[in-house]
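**Q** Before I ask anything, let me first share the structure, which is written out below as structure tokens.
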Amino acid sequence: MTYVVVESCIKCKYTDCVDVCPVDCFHEGPNMLVIDPDECIDCTLCVAECPVEAIFADDDVPEDQRDFIELNAELARDWPVLTEKKDGPPDADEWQDKPNKRELLER
């Protein structure tokens, strides 16, 4: 099992989860984070730290977000590893509760 970042992270990109990750499995894209499934050790520490509840165990990813399992693996290969917390985007709070952000994902 691995953990997966889903649509809620898009345009929010809070990095609280990165601070607690013992293996540096988070990768940073232009407007969201992803988890490298080959690096994740299933420690669950990141789940509680995400203020937008965007991290799920792969078995628990909501049905309409299941494509994010493969998307995390794909984008983790291309995006750089993020090893420390950074400030989120200035408008992150405005995007926190907005649904249907998938089309806003920047690769």
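**Q** To make sure I understand, if each residue's beta carbon is the centre and we count other beta carbons within 10 Å, what order do Leu104, Leu82 fall in, fewest to most?
**A** Numbers: Leu104 13, Leu82 20.
In order of increasing Cβ crowding within 10 Å: Leu104, Leu82.
**Q** On a straight-distance basis, which lysines could pair with Lys85 in a cross-link, Cα separation under 20 angstrom, same-chain partners fewer than 8 positions away excluded?
**A** Lys11, Lys13
**Q** With a ≥ b ≥ c taken as the square roots of the eigenvalues of the C-alpha gyration tensor of the chain, please select rounded if a/c is under 1.5 and otherwise prolate if a/b is larger than b/c or oblate if it is not? Walk me through the numbers on the way to the answer.
**A** Numbers: a/c = 1.36, a/b = 1.14, b/c = 1.19.
Rounded.
**Q** Per residue of the chain, what 222 nm ellipticity follows from adding -39500 (n - 2.57) for every DSSP H run with n ≥ 4, rounded to the nearest 500? Intermediate values should be presented prior to the final figure.
**A** Numbers: 4 runs with 26 residues, N = 107.
So the calculated ellipticity at 222 nm is -6000 deg cm²/dmol.
**Q** Straight-line reach from Lys86: which aspartates and glutamates have Cα under 16 Å away, leaving out those fewer than 8 places along the same chain?
**A** Leaving aside aspartates and glutamates fewer than 8 places away in the same chain, those within reach of Lys86 are Asp16, Asp19, Asp24, Glu28, Glu49.
**Q** With an 8 Å cut-off on Cα pairs and a minimum separation of 6 or more residues, tell me the relative contact order of the chain in percent.
**A** Working: 203 pairs, mean separation 48.6, N = 107.
Reported as a whole number, the value is 45 percent.
**Q** Going by how many other beta carbons lie within 10 Å of each one, how would you line up Met1, Met32, fewest first?
**A** Met1, Met32
Here, each number is a calculation from the coordinates, and none is a lab measurement. These numbers were taken from a predicted model, which means no experiment stands behind them. No Cβ is skipped: glycine too gets one built from the backbone with ideal geometry, and neighbour counts run over all protein chains shown.
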